[in-house]
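All remarks here apply to the structure that follows.
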Amino acid sequence: MALMPVADALSAILAGAEPLPEEMVGLDAAYHRTLARDVAALRTQPPQAMSAMDGYAVRAIDAADLSARLKVIGEVAAGRPFERTVGAGEAVRIFTGGVIPNGADAVIIQEDTRVDGDHITITETAVTGRHIRPPGVDFREGDVLLAAGSRLSDRALSLAAAMNYPELAVRRRPRVAVLATGDELVMPGSKPGPGQIVYSNGYALRALARAEGAETIDLGIAADTVAATTAGIRRARDAGADVLITTGGASVGDHDLVKQSLEAEGVTMAFWRIAMRPGKPMMHGRLGAMRVIGLPGNPVSSYVCAYLFLVPLIRALSGRKVIHHVRARALLGRDLAANDQREDYLRARLEARADGTLIATPVLKQDSSLLGNLAAAQALLVRPPFAPAAASGAECEILTMPE
């Protein structure tokens, strides 16, 4: 069977990936959720002209020269407007956020005044509109300020609250179930026996999925039997998973039973084995509405494939406007040999020069079992199939890794 190109594999995984249904959630629960609808302001902010400083609201014509002496006729605090109109020769003490009284058209800050009983003199002349926030300077009722498909940041939540929304329509979080396979796996904190290794893949995969806004379901470790693996697949389906991730058992050995188990449960396989390194034995299929991605067992292969394929799928199901990773340019930090027929994703360290130029230096050992190098890497350096040899200092393409 020919190896599927990476771009074709990603297209197959994303095919028909429509945003999940919307639901209403309160603002505190909306952080990092994806908006299902545009959000238009329900009010004008500020609704009236307000003072930007502590000082005195005046008529600019009365405070146009330093000989001005104005009578203070009252006070305005935030939330307590002044009911009278400011007349000739008058001033009103005002605090930040106070509504500008009728008749006033400027604010003199308190540092530019001297108080003399119920009068003030000025040390700086007034300018019409100075230190005043006009109505609607932030936004006006009906302005669309948050767009459907955007992921809600902390600042966006503050904006939504100011627009007078107690809750927002967001997309349901994708449910991602993770099932590990392998008789050799033991949980962290255990004492591995002969031939056993500590299970690590699931922790990175679930964290990666949660960082993209998904809910995760830990299905534990299945033994290397068809019965145990199919039982895990059924648990994912019964839990309502939108995506099932399996790790391990994706290769061609006698004990690699994931593909057999998936097909036994009725999964329609779209592909198996892709032209990339690390991650060649990755597979993908569907069981009804549930999408299945079978990842290799080697931890670096597992993570790189999840980053390249699972992350865009989660974004698509979440209704995000931007689902694909953005590639950047850098300069090679060391020489590279010519590439073969597989697209290569080399773990690399990044260094920024004083002028901002990024230097990407692939680690020397690219073995797909080396978690230390993966954890230390800041980027994946992308080498197309059959890329020629490249010298240190040549331009290259990178994908920055999540922080």
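The values are calculated or read from the model by the stated rules, or taken from the named source; none is laboratory data. Computed from a predicted structure; not experimentally measured. FYI the Cβ positions are ideal-geometry reconstructions off the backbone, even for glycines, and counts take in every protein chain you see.
Scan region 24-40 and tell me whether some residue there is at pLDDT 95 or above and closer than 30 Å to His119 by Cβ. Break it down into steps so the answer makes sense when it comes.
Our first condition is that a residue be at pLDDT 95 or above; within region 24-40, this holds for 24-40.
Next, only the ones that are closer than 30 Å to His119 by Cβ stay: none.
Checked region 24-40: no residue is at pLDDT 95 or above and closer than 30 Å to His119 by Cβ.
Going through region 141-197 one residue at a time, which ones are assigned to a loop (DSSP other than H, G, I, E, B), basic (Lys, Arg) and in contact with a Ser or Thr (Cβ under 9 Å, 6 or more places away or on another chain)? So that I can check it myself, show each step before the final result.
Keep residues of region 141-197 that are assigned to a loop (DSSP other than H, G, I, E, B), which gives 141-143, 147-150, 152-153, 163-166, 172-174, 182-184, 187-196.
Next cut, basic (Lys, Arg) only: 172-173, 191.
Hits for region 141-197 are Arg172, Arg173.
Pick from Leu20, Leu70: which is hydrophobic (A, V, I, L, M, F, W, C), crowded, with 20+ Cβ neighbours inside 10 Å and at pLDDT 95 or above? Explain how you work it out, then say what you get.
Details: Leu20 fails: crowded, with 20+ Cβ neighbours inside 10 Å.
Criteria check complete, one pass: Leu70.
State yes or no: is Arg291 of a type in the set (Lys, Arg) and more than 30 Å from Ser150 (Cβ to Cβ)? Walk me through it before giving the result.
Values: of a type in the set (Lys, Arg): yes; more than 30 Å from Ser150 (Cβ to Cβ): no.
No.
Of Asp224, Asp218, which residue is outside the structural domain of Leu370 (by TED's automatic domain parsing), part of a loop (DSSP other than H, G, I, E, B) and touching a residue at least 24 places away in the same chain (Cβ under 8 Å)?
Details: Asp218 fails: part of a loop (DSSP other than H, G, I, E, B).
Answer to the selection: Asp224.
Can you go through Gly26, Gly79 and tell me which one is under 19 Å from Ser150 (Cβ atoms) and not assigned by TED's automatic domain parsing to the domain that holds Phe271? Even if it seems obvious, please write down each step before you answer.
Numbers: Gly79 fails: under 19 Å from Ser150 (Cβ atoms).
Answer to the check: Gly26.
If Val39 meets every condition in (1) among the β-branched types (Val, Ile, Thr); (2) in contact (Cβ under 8 Å) with a residue 24 or more places away in the chain; (3) touching an Asp or Glu at 6+ places or on another chain (Cβ under 9 Å); (4) surrounded by 16 or more Cβ atoms within 10 Å (Cβ to Cβ) apart from one, which number is that one?
(3)
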